Amino acid sequence: MVVARRRWFQTPWDFRESILFTAAALCAGFLFEFASSGSSIALPRLPVNAIILSLFAVLVLSIGYSFRNNHIVKWFGGIPLGLCLIFAIALLSLIGGIVPQEAGSSGSLASQAGVNHIFSSWPFALTVILFLANLGLSLSWKLIPFKVQNLQFILFHAGFWIALSCAIFGSADLQRLVVPIEEGKANNFGYTMESDTPQHLPFSVFLHEFSLEEYPPQLLLYDPHTDKLLMDKSQTILEVRKGTTASWKGLDVVVLDYIPFALPGKDGLPHPADRSTGIPYAKVRISADSTQREAWISTGSPMLKPGAAALGNLYLIMVPGTPKSFRSAVTIQDGKGDDVMANLEVNKPVNFKDWKLYQMGYDEKAGRWSKLSLIEVIRDPWLPAVYLGFFMIMAGNILFFWNGIKRTEGASS
Amino acid sequence: MITFTTAAILAIACWSLGAIVSIFARRTPALKLPAFLLAFGGSVVMIAFIAFYWSILDRPPLRTLGETRLWYAALIPLVGFLVEYRWKIDWLKYYCMALASFFLVINLLHPEVFDKTLMPALQSPWFIPHVVVYLVGYVLLAASSVTALHNVSLQLRSKANVTGESVSHYLALLGFVFLSFGLIFGALWAKEAWGHYWTWDPKETWAFLSWLAYLGYLHAYRYNIERSKLQWYLALSFVVLLVCWFGVNYLPSAQNSVHTYTQS
Ligand code: HEM
């Protein structure tokens, strides 16, 4: 290659200078990180961050446009430096993908070097800034003068520029709060992940009802000596319903009857009951070595002990199914008298003004009987900008796919 | 799961026989069609099994690693057939069928726990598009790496191979397109399900890394770095994909991941 005979810093600059520059930037980043003993970078909030970002964009674009023939500027916006910065980001992400990222812990060497909070560390910030500058310069040359054939390039690169910069600069304005609410009560305080101090919300949430639906319960064999649950021969999660069969070594079980919601009566036998209090009961026939017996087993609830069938050293038990869905019926109300009634469910968040409300969790010990619902409320004013970037990348992607196929046809014919 | 064993053995038999008949078909062109039908039959068996499995599970079989391997096994040979049809390159399909059989053998050795449940976060209209787009992306990139590896071996024996290099390139390009869609669909879904589109969860981080690896490739290609060197790059990129795909669960960082696949 020609590169080998070139002297260092002889123009035009190429990969060697890019590698050196990127390595220097990474070293500087880690030095900064050490000097600030691993504290995370505090970004300014709206409107300051928006102003800084706009100034940065204007600066990069105007440098690119005014000095498009300067060889250093050309190198700064070129693919070799771009590739090195992509590798630097990949390297930092690799650290973030291997070392557990934990917020809060400090003092250790890992936290001083920033490797346990790599995505808010100085080396990452510095690399991203350089990356945005590099990407912005390359964009400036394709944006002006505009040509339709550059559209794919513009959509990809501008989309990524917008998504990345707005996601990072906007992270200071992201608010995520957890709001615990008990049934029949309202709450207008939320907690962040980082601190125990409640924060006042501009609205309150009233919880009418929390409800949880489970998958059917499962049949399992429990060994109290080893504290292990044994699965049946077919390696199937056995959903209990009338007619379910299961077998373990020397043991066959058939479910003769199944009542999803029942309570024990005076005679000791289960009777169908209301779904809010009843628990699943199953009548099973157990056949082991030529003996047969029948028994009622149940999953139990906070009020009722579970019913198991003893089989020598083992127990045949029924465990509640995993949650299938859970939802909170709420009324959201702000100080101005606006209110909304809504059902919050996982994957079905609800918008209220600038906020989005999510069903997050519940009292897991109480399970189906939980009277507590955890709602997460999120405000992210930069979301539309990030999504604009996403949609531009997707549009660029469609063009890329299309052109890729077209060129392939050209190539093979 | 009696039927999985049957379906897997039948599919592997189809691919093996198809491969053997294809080798004979090089001399006897009349055998070409039967060879293709046999090999294709292997994937048809897997697709039928997936459809059947989907119907008895009452949910798409995309939840566990084992379930995703069923899809790879069905889809990877199809890429091999397409490449043969499109670029008249006939050796890729052998690798693809071998890889598919390998996935089925893993599943035969580690039988799945048959579980119908789907946790609430996965019950989303995004679930299928996100996972399927990723599956297709990985399948294309797997084929691209296999092609690149073959190209490397031809290079080492100093044989010229221009078509092979353009095939690995186009497969990588298409794979990158799917990877980008998968990444963005994932982000849009995460916003609906977990409240934020990006949280640097280990799985997300590794997905981003794999995407960066191919982004780097595309730019190096654009900068006219020698094609032959890039074959090494493409062959090795698959290591990153594999970690992202199976390996993440075993990394120290996975202890606080929200979406490693269920290990059952
Ligand atoms: C590091 C900063 C980057 C620089 C300096 C850069 C520069 C370039 C240049 C000069 C080209 C060739 C364009 C042409 O010939 O018309 C290109 C192509 C491309 N870039 Fe970038 N790029 C960067 C980052 C990105 C990012 C982040 C993405 C993805 C969102 C991206 C996606 C693409 C794609 C898909 C192509 C087309 C590749 C092809 O045609 O084979 N680039 N880039």
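Yes or no: region A:382-403 includes at least one residue that is closer than 16 Å to A:F203 by Cβ and either away from the ligand (no atom under 16 Å from the Cβ) or acidic (D, E) (or both).
no
Picking from A:G170, A:G97, which residue would you name as being at pLDDT 90 or above, farther than 30 Å from A:N69 by Cα and crowded, with 21+ Cβ neighbours inside 10 Å?
Answer to the check: A:G170.
How many residues does region A:311-360 hold that are closer than 28 Å to A:Y281 by Cβ and under 25 Å from the mean Cα position of the chain (by Cα)? Spell out the reasoning first.
Going through region A:311-360, the residues closer than 28 Å to A:Y281 by Cβ turn out to be A:311-327.
Going one step further and asking which of them are under 25 Å from the mean Cα position of the chain (by Cα), we end up with A:321-327.
Here the count works out to 7.
So that you can scan it fast, the table gives a plain yes or no per residue for (1) crowded, with 17+ Cβ neighbours inside 10 Å; (2) among the hydroxyl-bearing types (S, T, Y); (3) touching a His at 6+ places or on another chain (Cβ under 7 Å); (4) within 14 Å of another protein chain (Cβ to nearest Cβ):
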position	(1), (2), (3), (4)
A:L304	no, no, no, no
A:K348	yes, no, no, yes
A:L357	yes, no, no, yes
A:Y362	yes, yes, no, yes
A:A366	no, no, no, no
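Tally up the residues in region A:253-279 that are without any contact (Cβ under 8 Å) to a residue 60 or more places away in the chain and part of a strand (DSSP E or B), please.
Of the residues in that region, 15 qualify.
Quick check on my filter: what residues within region A:74-93 are among the aliphatic types (A, V, I, L, M), more than 11 Å from the ligand (Cβ to nearest atom) and buried (at least 18 other Cβ atoms within 10 Å of the Cβ)?
Correct list: A:A90, A:L92.
Considering (1) in contact (Cβ under 8 Å) with a residue 12 or more places away in the chain; (2) more than 16 Å from the ligand (Cβ to nearest atom); (3) part of a helix (DSSP H, G or I), say which one A:P44 fails and leave the rest.
(3)
Tell me whether region A:135-156 contains one or more residues that are surrounded by fewer than 17 Cβ atoms within 10 Å (Cβ to Cβ) and more than 14 Å from the ligand (Cβ to nearest atom).
Looking for residues that are surrounded by fewer than 17 Cβ atoms within 10 Å (Cβ to Cβ) and more than 14 Å from the ligand (Cβ to nearest atom), one finds at least one in region A:135-156, hence yes.
Check whether at least one residue in region B:85-95 is touching a residue at least 24 places away in the same chain (Cβ under 8 Å) and crowded, with 22+ Cβ neighbours inside 10 Å, and report yes or no.
Yes: one or more hits.
Scan region B:45-70 residue by residue and report those that are of a type in the set (A, V, I, L, M) and in contact with a helix residue (DSSP H, G or I) (Cβ under 8 Å, 6 or more places away or on another chain). Explain how you work it out, then say what you get.
Residues of region B:45-70 that are of a type in the set (A, V, I, L, M), as a first pass: B:45-48, B:50-51, B:56-57, B:62, B:65, B:70.
Once the filter is applied, which keeps residues that are of a type in the set (A, V, I, L, M) and in contact with a helix residue (DSSP H, G or I) (Cβ under 8 Å, 6 or more places away or on another chain), region B:45-70 yields B:V45, B:M46, B:I47, B:A48, B:I50, B:L62, B:L65, B:L70.
State whether one or more residues within region A:101-120 are within 25 Å of the chain's Cα centre (by Cα), closer than 28 Å to A:V60 by Cα, away from the ligand (no atom under 16 Å from the Cβ) and of a type in the set (A, V, I, L, M, F, W, C).
yes
Under the condition of being aliphatic (A, V, I, L, M) and within 13 Å of chain B (Cβ to nearest Cβ), which residue from region A:192-225 is surrounded by the fewest Cβ atoms within 10 Å (Cβ to Cβ)? Break it down into steps so the answer makes sense when it comes.
From region A:192-225, those aliphatic (A, V, I, L, M) are A:193, A:201, A:205, A:207, A:212, A:219-221; that's our starting set.
In the following step, the residues that additionally are within 13 Å of chain B (Cβ to nearest Cβ) were identified as A:193, A:212, A:220.
Details: A:M193: 9, A:L212: 18, A:L220: 20.
Result: A:M193.
Sort out for me the helices (runs of 4 or more DSSP H) sitting completely within region A:64-115 that have 2 or more residues that are away from chain B (no Cβ under 14 Å).
Result: A:71-76, A:109-112.
Any residue at all in region A:327-334 that's within 30 Å of A:K242 (Cβ to Cβ), of a type in the set (D, E) and surrounded by fewer than 19 Cβ atoms within 10 Å (Cβ to Cβ)?
Looking through region A:327-334, none of the residues is within 30 Å of A:K242 (Cβ to Cβ), of a type in the set (D, E) and surrounded by fewer than 19 Cβ atoms within 10 Å (Cβ to Cβ).
Of the residues that make up region A:103-111, is at least one buried (at least 18 other Cβ atoms within 10 Å of the Cβ) and within 27 Å of A:E17 (Cβ to Cβ)?
no
B:W206: more than 8 Å from chain A (Cβ to nearest Cβ) and under 22 Å from the mean Cα position of the chain (by Cα), yes or no?
Criteria not met by B:W206.
Cβ-Cβ below 9 Å, separation at least six or inter-chain, first residue in region A:226-247 and away from every other protein chain (no Cβ under 14 Å) and closer than 20 Å to B:T5 by Cα, second modelled with pLDDT of 85 or more and assigned to a loop (DSSP other than H, G, I, E, B): which pairs?
Matching pairs, first to second residue: none at all.
Surrounded by fewer than 18 Cβ atoms within 10 Å (Cβ to Cβ) and either aromatic (F, W, Y) or under 22 Å from B:L62 (Cβ atoms) (or both): which single residue out of B:F36, B:F24 fits that description? Break it down stepwise before answering.
Details: B:F36 fails: surrounded by fewer than 18 Cβ atoms within 10 Å (Cβ to Cβ).
Matching residue, one of B:F36, B:F24: B:F24.
Okay, residues lined up against (1) buried (at least 20 other Cβ atoms within 10 Å of the Cβ); (2) hydroxyl-bearing (S, T, Y); (3) within 18 Å of B:E226 (Cβ to Cβ):
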| position | (1), (2), (3) |
| --- | --- |
| B:Q123 | no, no, no |
| B:W126 | no, no, no |
| B:V139 | yes, no, no |
| B:K159 | no, no, yes |
| B:G182 | yes, no, no |
| B:W189 | yes, no, no |
| B:A193 | yes, no, no |
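From B:S144, B:S124, grab the single residue that is of a type in the set (G, A, S), within 14 Å of chain A (Cβ to nearest Cβ) and not in a helix (DSSP H, G or I).
Working: B:S144 fails: not in a helix (DSSP H, G or I).
Only one candidate qualifies: B:S124.
Could you list all residues from region B:221-236 that are surrounded by 13 or more Cβ atoms within 10 Å (Cβ to Cβ), farther than 12 Å from B:E165 by Cα and within 13 Å of the ligand (Cβ to nearest atom)?
Answer for region B:221-236, where residues must be surrounded by 13 or more Cβ atoms within 10 Å (Cβ to Cβ), farther than 12 Å from B:E165 by Cα and within 13 Å of the ligand (Cβ to nearest atom): B:Y223, B:I225.
With the requirement that a residue be within 9 Å of chain A (Cβ to nearest Cβ) and over 30 Å from A:Q175 (Cα atoms), what does region B:164-194 give you?
Selection gives B:S166, B:Y170, B:L173, B:L174, B:F176, B:V177, B:F178.
Count, please, the residues in region A:311-341 that happen to be within 30 Å of A:L201 (Cβ to Cβ) and either more than 14 Å from chain B (Cβ to nearest Cβ) or in contact with a helix residue (DSSP H, G or I) (Cβ under 6 Å, 6 or more places away or on another chain) (or both).
14
The values are calculated or read from the model by the stated rules, or taken from the named source; none is laboratory data. Quick caveat: nothing in here was measured; it's all calculated off a predicted structure. Positions of Cβ are generated from backbone atoms using ideal geometry, with glycine treated the same way; all protein chains shown enter the neighbour counts.
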